[in-house]
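Derivation of every value follows stated rules applied to the coordinates shown; laboratory data play no part. Just so it is clear, the model here is predicted, and its values are computed rather than measured. Heads up, the Cβs are rebuilt from the backbone with ideal geometry, glycines too, and the neighbour counts pull from every protein chain shown.
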Amino acid sequence: MLQPGWEAIIDLALAEDIGTGDVTTLATVPASTRARGVLLAKAEGVVSGLDVARAVFQRVDTAITFEAFAADGEAVVAGVELGQVVGSARSLLTAERTALNLLQRLSGVATATARHLAAVAGTNARIIDTRKTTPGLRALEKAAVRHGGGANHRFSLADGVLIKDNHLAAIGTPDRVTRAVRQARALAPHTLRIEVEVTTLAELDEALTAGADIVLLDNMDIEQMRKAVRRTANRALLEASGGVTLDRLRAIAETGVDLISVGALTHSAPALDISFDLALDSSRGRTED
């Protein structure tokens, strides 16, 4: 089921792709032709975006039927049919690229997230995303992170207080961490947690004394993170961020931090290879192996 606001994203994507009309399809495919299209995984990964793909096809033509053979969040291997669509060949061809673009992109995010989760298995660290998302696709990409087993950081600037290095630079005083945390505590809505970014253990001590709920450890090395965990002693949640790669992920998780934010989940995830194969509609059922 689509979440509120997703229809607008789909409409924008379709308008971008179709423009004033699919001239190739209209010129070459008879209006009466019916077809069946199969979405096929061409690589191993985790699926995300089947409901979105369904909505794309049915936004183009409400008469199209969409049957999913997998579920969002499901791990699949190459060769697995993810779903089929049946309807007007013209409509299927017009919707195909937008549906595939979104399904491949979101499945790529879910797959990348699942790989990061696997790297920290057995630790207490949670993998979370960031706001480094594709403009306009944030809601879809954050859903894909959840399908991959990850968790979401704040959705927008209104969802939480995160005092970053540039906020601190704008304050400029020696006790800037203390001032920023206390001002946020006094002026921000009481329902929001206060998080502050630090780069040194001294700033960590200052943040803890000021009463931060979460402290973001920015680009600290493994030994600094271990010391930060010992110093914090569960007085606040610790988030590791910056320089997070799959190669370093296990070592970061084993320091004892609570959260590891990974921008690469959304800004660098490669699309999952998925094809759309069309044939004249000779059968309404799924082809069995």
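Numbers at a glance
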item	result
Inverse of mean 1/r across different Cα pairs in the range 43-129, Kirkwood, Å	14.0
Difference of contour (0.36 nm per residue) and Cα-Cα distance, residue 164 to residue 201	11.7 nm
At R0 = 41 Å, FRET efficiency that the Cβ-Cβ distance of residue 254 and residue 182 yields, to 0.05	0.80
Extent along principal axes [Cα atoms of the range 122-267; Å; largest to smallest]	40, 34, 24
Protection proxy ranking of 159-172, 176-189 - average other beta-carbon atoms within 10 Å, highest first	176-189, 159-172
Two-decimal log10 I(q)/I(0) for the chain, as the Debye equation yields it once each C-alpha is a single scatterer, q = 0.14, 0.16 Å⁻¹	-0.97, -1.14
Computed magnitude of the charge dipole of the range 2-122 (debye, nearest 20; Cβ of K, R +1, Cβ of D, E -1)	220
Phi-based couplings in Hz for the range 52-57 (Karplus 6.51, -1.76, 1.60; Gly and Pro marked x)	5, 4, 4, 5, 4, 4
Whole-Å distance, taken between Cα centres, linking the range 19-42 and the range 152-189	51
Residue-wise HN-Hα coupling along the range 229-237, computed from phi with Karplus coefficients 6.51, -1.76, 1.60 (Hz; x: Gly, Pro)	5, 5, 5, 6, 6, 6, 6, 7, 6
Listed peptides 97-107, 59-69, 206-216 by packing density, highest first (mean Cβ within 10 Å)	97-107, 206-216, 59-69
Difference of contour (0.36 nm per residue) and Cα-Cα distance, residue 151 to residue 118	10.5 nm
Set of lysines with alpha-carbon distance to residue 142 below 28 Å, sequence-local pairs under 8 removed	42, 132, 164
For the range 1-95, alpha-carbon Rg relative to the globular expectation (2.2 N^0.38 Å, N residues)	1.14
Net charge of neighbours whose Cβ lies under 11 Å from the Cβ of residue 28, counting Lys and Arg as +1 and Asp and Glu as -1	0
Helix 89-119 axis, angle to the chain major axis (alpha carbon atoms, nearest 10°)	30
Total charge dipole magnitude, the range 122-267, about the Cα centre, Cβ charges on Lys, Arg, Asp, Glu only, Debye to nearest 20	320
